[in-house]
Structure formats: structure tokens, C-alpha cells
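Working notes for the structure below.
The values are calculated or read from the model by the stated rules, or taken from the named source; none is laboratory data. Worth saying up front: this structure is predicted, and the values here are computed from it rather than measured. Ideal geometry is used to build each Cβ from the backbone, glycine not excepted, and the neighbour counts take in all protein chains shown.
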Amino acid sequence: MVNLSEFESIVKSVDGNYQVTQRSFKNLESKRVLIACSGGADSVGLAILGKVFDIEFGLAYIDHGINIQTRNSEVIVKEIANLCDVPFFTYYLDMSEKNMVTSNVEANARQERYIALEEIRSIHGYDIVATAHHMDDYAETYLINLIRGSGSGGASLEAQRNNLVRPILHWRKSDLVELVQQCGLTHYEDKMNLDPRFVRNRIRNEVMELLDDIAGRDVTPLIARAAGNIARDTKFLARFASSQWPKGQARTHDLVSLDPVLQVHALREWIGGYPPSTDEMDRILAVARHEILSTQISGNRTIRRSGAILYQDITLIDKTTSQEG
């Protein structure tokens, strides 16, 4: 491992958009930031950047309980926390395959992870959670949401939403790997990232390579740009829709009186988190129209109606430990 004092020069040599990165971390200077760190190259890279740009941060490791081999990554994250002299937190979930009652493991794991991060953030007094999503994730998510039928509301990842920020969406995965390697740090390669049972893995390892081959060039920046344009327009609609509903309680009459396009955007903003698919949104609208009483959507979330008011419930799991160091 190289000396910590050399990390800044390494970042400058690797980062082709250093000024963008500077601006991104400038926005975090006055915040206490909880960085989600899995031990992979992307999140280890984010921790390096947090140290280089001198933000106040802690590292949070979430163990999903799916693959016991990932316990090695917890050791890596703890070592990074010690190196950076920042707090280290762990949160244990029980999502082993034998206990999973739904087939959508990816969506459930993602939702439970965000719930866990939010709980750590709230308990330990952090202002925001930062994740290490990068441009490759951004393009992949756009395609995943496209085939899920999420519509424009699921165009791709947002740079900031509520207490969540993604400060390195302009970085490429390959550059983060190079950054970690040049700093002489260890990162964890999760073999589950090669498992074709998971949609994201097939998009990443099969679809993106095929699209590159067909186009004769790297299509990731092109897809990311298209997703960004859609996201910009969608954000405008979402802001307007949320200003129209809900005003106080989530009254069904007020919702269904809106234009159908605004109904969808208003509901997405109200629900938050991972955007519902088209089929899920149709069921949510059926609840709002008093056709059914409730519906369950991805991430253990339930949208229900009591009288003429909509409510949303999330199943929480509380298993957290922390270590300062």
C-alpha cells in the first residue's frame, strides 16, 4: 500500500473528470456522510475519495446473510475504516435463500440494504448516506428499468434523493478499480456478480458487451446520457406532481382527480425508494380507485387504503452493531 499522502496525486492521475469530482465532494463538505461500503472496488474507491477530499464520513457494511463467503469483505471494509481513521458500522440481515419467500432476491436485498443504511444514519447522527454507484451502474439500471416496465420514473439512478447521494456517477468502474489498485488496497470480488440468475449480471456481462459489439464502440456513456436526459424531464414532472398531491393526507379522491400522467408521478414521489414497475403501479392505482384494499410491491412494501386515505408499510429488520475506529 502506498502512503496516504500519495492518494491525492493518484486520484488526479486516474480521474479524467477531476474538476467534476471536486465539485461533487465540495457539496459534501458541511455534511456528516455515511458511506455504504461492500468491500468492492467501487465502494473502496469512494472511501478513498472521501479521505482525499477530507469529508467527515463513516463506513457502513451490510451483510445480507445470503453468501457466507462475503464475510471476507467485512474484514476489508474494517481495514479501510482503520486506515482512514473513521467509524465503522455493521448491520446483519437474514436473507439466506432458504428464508427468502419471494423470487425477487435482488429487489428485496436492495430495499433491505437501504432500510439498514437509513437506520444506521439516523441512529448515529449522519446527515446523508453516500453510495458508490458509477456510470456503468447508471447505464445498466436504465436498461433494467426499461425491461421491467418502470417507465420514465425509473429512468435510472438519481444523484441525490432525500438522504441519499451518489457522488461518483461520472466515474467508470474500470477507473475505480485502477484507483484502488494504484493505492495498493485490497478489494473483494463477489463471485455472485457472475451468477446469471441475477438480471443485473446478465445485463452487465452479456447485454452491454453485445451492444458494444453491435455499435462498434463503448455505448455506456451514450446510454447514460440518454437516461440523464429522461431523468431531467421526469424530475420536472415529479416536482410538479408532488406539489399537487398529497396536500396533507394522501387522499384518494385528490389523487384520482389529477391528470393520469400526474397521478403516476405523484405516486412515485410519495412512495419513494425503488420505483414500482408498470404492473405494480397499475395495482397501486387500483387501490387508489377503491377497487382493491391493498397491494404488495417489491422491497417488502405494501400500499394499502383505509377509508379514503392511502398508506404505505415497510417490513423492517433491526440487526445493527457498530464499532468506532
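Contact map, region 121-143: residues that are closer than 10 Å to ILE223 by Cα paired with residues that are assigned to a strand (DSSP E or B), Cβ distance under 9 Å, separation 6+ or inter-chain. No pairs are found.
Here region 189-220 is the region considered, the condition is being within 16 Å of ALA109 (Cβ to Cβ) and hydrophobic (A, V, I, L, M, F, W, C), and the residue that is modelled with the highest pLDDT is VAL199. Every residue in region 203-241 that is on the phi > 0 side of the Ramachandran plot and assigned to a helix (DSSP H, G or I), please. If the condition is that a residue be on the phi > 0 side of the Ramachandran plot and assigned to a helix (DSSP H, G or I), then no residue fits. Residues in region 250-280 that are among the hydrophobic types (A, V, I, L, M, F, W, C) and over 20 Å from GLU158 (Cα atoms) were compared, and the one that is surrounded by the most Cβ atoms within 10 Å (Cβ to Cβ) is LEU255. Tell me which residues, restricted to region 301-316, are surrounded by fewer than 19 Cβ atoms within 10 Å (Cβ to Cβ), assigned to a strand (DSSP E or B) and either touching a residue at least 40 places away in the same chain (Cβ under 8 Å) or of a type in the set (Asp, Glu) (or both). Matches in region 301-316: ILE309, TYR311, GLN312, ASP313, ILE314.
Out of the residues in region 283-300 that are touching a Ser or Thr at 6+ places or on another chain (Cβ under 9 Å) and assigned to a helix (DSSP H, G or I), state the one that is surrounded by the fewest Cβ atoms within 10 Å (Cβ to Cβ). Among residues in region 283-300 that are touching a Ser or Thr at 6+ places or on another chain (Cβ under 9 Å) and assigned to a helix (DSSP H, G or I), the one surrounded by the fewest Cβ atoms within 10 Å (Cβ to Cβ) is ALA286. Under the condition of being over 15 Å from PRO87 (Cα atoms) and in a strand (DSSP E or B), the residues counted in region 31-59 number 0.
The residue that is surrounded by the most Cβ atoms within 10 Å (Cβ to Cβ), among those in region 229-249 that are within 20 Å of the chain's Cα centre (by Cα) and among the aliphatic types (A, V, I, L, M), is ALA231.
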